[in-house]
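Readers should treat all values here as calculations from the given coordinates under stated rules, not as data from a laboratory. All values derive from a computational prediction rather than experimental measurement. When we count neighbours, we look across all protein chains shown, and the Cβ atoms used for this are built from the backbone with ideal geometry, even at glycine.
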């Protein structure tokens, strides 16, 4: 599956933050964070890409986490842990807007 360049960069940040793969206990906070920044279709496309690289059980767990992220709020400590992993991979978690977009007032 070919992703648009922006979504490919998000997958790159995920791979950098989780070089050994995303553990299942991080799915809920991860997709909750992604859902704050990306549209549902974008999150689903990223999940499909990650699932395609793993086993079918992981694919089901990923899609379950996306569904859960819409109705369940992850613990703040889990979000902080996942946010730190993503930041280590280059994800600009604390900036407004989509990652990689210019910040308002800073040109670009």
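Structure above, values below:
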read-out: Efficiency of FRET between residue 76 and residue 16 - r from beta-carbon atoms, R0 22 angstrom, step 0.05; value: 0.40
read-out: Once the Cα gyration tensor of region 23-88 is diagonalised, semi-axes √(5λ) in Å; value: 18, 13, 12
read-out: Residue 6 versus residue 63: modelled label distance in nm, points set 7 Å from Cα along the beta carbon direction; value: 2.5 nm
